[in-house]
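So the structure is just underneath, and the comments pick up after that.
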Ligand SMILES: [Zn+2]
């Protein structure tokens with residue numbers, strides 16, 4: 001009986017030793033989950049970049065150009081108001097640089113994305129003139145999500161976001 005108690009105690013101590021790590025992990029997840037609850041696609045079915053205010057919708061067009069649309073508080077399209085965007089796409093060894101110019105109140109890329117359906121991108125956003133550049137880094141996966149109606153990069157399912165956050169954090 002005594003031995004059993006001791007073993008249980010050892011297990012309890014071991015469990016407590018592990019607990020803080022788990023607690024931290026939970027906290028981190030909670031934080032991410034909090035963001036996930038609000039994950040919605042943009043009005044055109046693109047990815048909503050929440051790194052900047054106002055949020056921007058990142059949309060890959062059929063011809064592999066990219067359109068960036070400003071969003072209002074209700075996730076509706078608004079006019080670009082002084083934001084400037086540059087973008088680096090593809091492998092670090094052979095990146096494709098895209099610049100954007102305003103057309104019809106939206107930012108449209110001058111060039112096209114590199115070939116492939118899954119590569120890293122960095123969207124460099126200046127929220128306004130003279131402001132610090134904010135980098136939105138994520139994996140641009142152009143495959144259709146099997147679960148929702150969006151492509152993986154704009155996916156609103158939890159699984160896609162988990163991957164994105166790993167990329168984002170590191
Ligand atoms: Zn999905």
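The values are calculated or read from the model by the stated rules, or taken from the named source; none is laboratory data. For clarity, every value in this text was computed on a predicted model and none was experimentally measured. Don't worry about glycine lacking a Cβ; one is built from the backbone with ideal geometry, like all the others, and counts go over all protein chains shown.
For region 122-147, a tally of residues being farther than 19 Å from residue 80 by Cβ and touching a residue at least 24 places away in the same chain (Cβ under 8 Å) returns 8. Out of 103, 126, 79, 91, one residue alone is more than 23 Å from residue 41 (Cβ to Cβ) and exposed (fewer than 15 other Cβ atoms within 10 Å of the Cβ). It is 91.
When restricted to residues that are part of a loop (DSSP other than H, G, I, E, B) and within 22 Å of residue 93 (Cα to Cα), region 120-135 contains 0.
Residue 143 falls short on exactly one of the conditions (1) touching a helix residue (DSSP H, G or I) at 6+ places or on another chain (Cβ under 7 Å); (2) farther than 16 Å from residue 41 by Cα, and that condition is (2).
Just one of (1) out of contact with any strand residue (DSSP E or B) (no Cβ under 7 Å at 6 or more places or on another chain); (2) farther than 17 Å from residue 49 by Cα fails for residue 118. It is (1).
Residues of region 145-170 that are more than 9 Å from the ligand (Cβ to nearest atom) and modelled with pLDDT of 95 or more: 153 alone. Scanning region 112-119 finds no residues that are under 20 Å from residue 152 (Cβ atoms), touching a helix residue (DSSP H, G or I) at 6+ places or on another chain (Cβ under 6 Å) and in a loop (DSSP other than H, G, I, E, B).
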